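Engineer: Here it is, the structure in full.
The values are calculated or read from the model by the stated rules, or taken from the named source; none is laboratory data. Quantities reported herein were computed from a predicted structural model and do not represent experimental measurements. Cβ: placed from backbone, ideal geometry, glycine included. Neighbour counts: every protein chain shown.
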Amino acid sequence: MNSHSVDMTTAKFVRKAIQVPDAQAKIAAHVTSGPIEKVTLETAHGRTLAETIHAPHPYPFFRRSGMDGFAILSSDTVEASTEQQIWLRIIDEIPCGYTSDLTIISGTAARIMTGAQVPEGADAVVMMEMTESKEEHGEHWIALKRRIETGVNITPIGLEVQEGQLLLEAGTIIQAGEQSVLATFGFAQVNVYKRPKVAIFATGTELLDVDEPLQPGRIRNSNSYMLRSLVVEAGGEPVMYGSIADDVETARVKLAEAVEHNDMVVTTGGVSVGDYDIMGDLVRERDMDMLFNKVTMRPGSVTTAAVIRDKLLFALSGNPGACFVGFGLFVRPAIRSMQADPHPYLEEWTAIMDEAFTKVNNFTRFVRGRIEIRNGMVYAKPAAARIDESSVMITIKDSDCLIVVPPEKKGIPAGEQVRILRLPTGQVR
């Protein structure tokens, strides 16, 4: 054996592959929800609620007029008809935001605006168009020609929400609808989970910074920027550590720094079985508890996870497509679980294959694809069937789902039902 021979029996090369659900379960066993902080409602968008919110009061909390018109006693209109008008005297005018201190009694009414509080005594609001009016001796009167039912055009107290009713559960992501609910019930500040700090760095002598000119045999470090966006979408706080050359000692120092100052570390590159795949070496060192270093999936079978000082380390493939898939299946659920999201994994749908996929593999394949809804049916189409390789970067931007192709399946013909995993599109969820 010459000096350049490689011992293919070392742990680096002999890897035991596990199924995706088993890998996810190993990760989940090491995830706990993180610390909680209080933030103002203005800054709460995209954050994950850390408390269950119950309604402190009913909503609406007063009887509310459903339109511009007149607040009346419905019993006054029992005899009203086109032949027998009923005249009511206007005793007050109630704009929205104001209340009346007068009580509506038989023979009286109050002018009222949409959203205003219905005065005491009144049990119906009649729209202005259904009345006639007159001025007499400095007083304003209205006439009705038909019977008005009790409760018409009045929104009762608690119609939408009763006091004490569950509004939002812990683990909910605060978006526009949640902001509206929280503001409606007076929550100027809310308890949310702290965004986990996620260190990101790439390995590979071939990597250039994005502002460097191209050089022969080298590529720009795009994966770190892709991971940064994915971390933000998952609700984490990315911390960029750049890229490092293929040197184990340099990587060890960088990793130690990243672990010390962050809640999780995600690396890209250096996990296959080449001589320079340094992350594959580091995860087997004594201070590491390696969870797995091979998964029965394509792309990204070399995806690796470990625990160091009670913090998760994800070593993803350097190939963009594999890195992207590995993040969605493993890293994103961990970030969501650290914020007590009750549904941390990618949402599973059933779709109809819109275009045949002919590749065969002995591992489960996660094909980047796009969803279309036509005639009420969900269709999934591979983003670029001819070039669905782990190293392909350009189709990532065209993907909003992963099409799951089971192992040993001889391709999937168009029209067959498939399982897909829905990718988040620009926001947490």
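Engineer: Can you tell me which of (1) surrounded by fewer than 24 Cβ atoms within 10 Å (Cβ to Cβ); (2) on the phi < 0 side of the Ramachandran plot is the one Phe324 doesn't meet?
Structural biologist: Condition (1) is where Phe324 drops out.
Engineer: If the requirement is being touching a helix residue (DSSP H, G or I) at 6+ places or on another chain (Cβ under 9 Å), of a type in the set (A, V, I, L, M) and modelled with pLDDT of 95 or more, which of these qualifies: Ile335, Ile278?
Structural biologist: Ile335
Engineer: How about region 33-46: which of its residues are over 19 Å from the mean Cα position of the chain (by Cα) and either without any contact (Cβ under 8 Å) to a residue 60 or more places away in the chain or part of a loop (DSSP other than H, G, I, E, B) (or both)?
Structural biologist: Once the filter is applied, which keeps residues that are over 19 Å from the mean Cα position of the chain (by Cα) and either without any contact (Cβ under 8 Å) to a residue 60 or more places away in the chain or part of a loop (DSSP other than H, G, I, E, B) (or both), region 33-46 yields only Pro35.
Engineer: Follow-up question, since we're still on this one. Going residue by residue through region 79-89, is there one that turns out to be loosely packed, with under 12 Cβ neighbours inside 10 Å, over 50 Å from the mean Cα position of the chain (by Cα) and of a type in the set (Asp, Glu)?
Structural biologist: The answer is yes, given that some residue of region 79-89 is loosely packed, with under 12 Cβ neighbours inside 10 Å, over 50 Å from the mean Cα position of the chain (by Cα) and of a type in the set (Asp, Glu).
Engineer: What tally of residues in region 299-345 results from selecting those that are of a type in the set (Gly, Ala, Ser) and assigned to a helix (DSSP H, G or I)?
Structural biologist: The number of residues fulfilling the criteria is 6.
Engineer: Return the residue satisfying two criteria in turn: it lies in region 173-208 and is among the hydroxyl-bearing types (Ser, Thr, Tyr) and more than 24 Å from Asn262 (Cα to Cα), and of such residues it is surrounded by the most Cβ atoms within 10 Å (Cβ to Cβ).
Structural biologist: Taking the candidates together, the pick is Thr184.
Engineer: Give, as residue ranges, the strands (runs of 3 or more DSSP E) completely inside region 159-268 that count at least 2 residues that are β-branched (Val, Ile, Thr) and in contact with a Phe, Trp or Tyr (Cβ under 6 Å, 6 or more places away or on another chain).
Structural biologist: Passing ranges, in order: 264-268.
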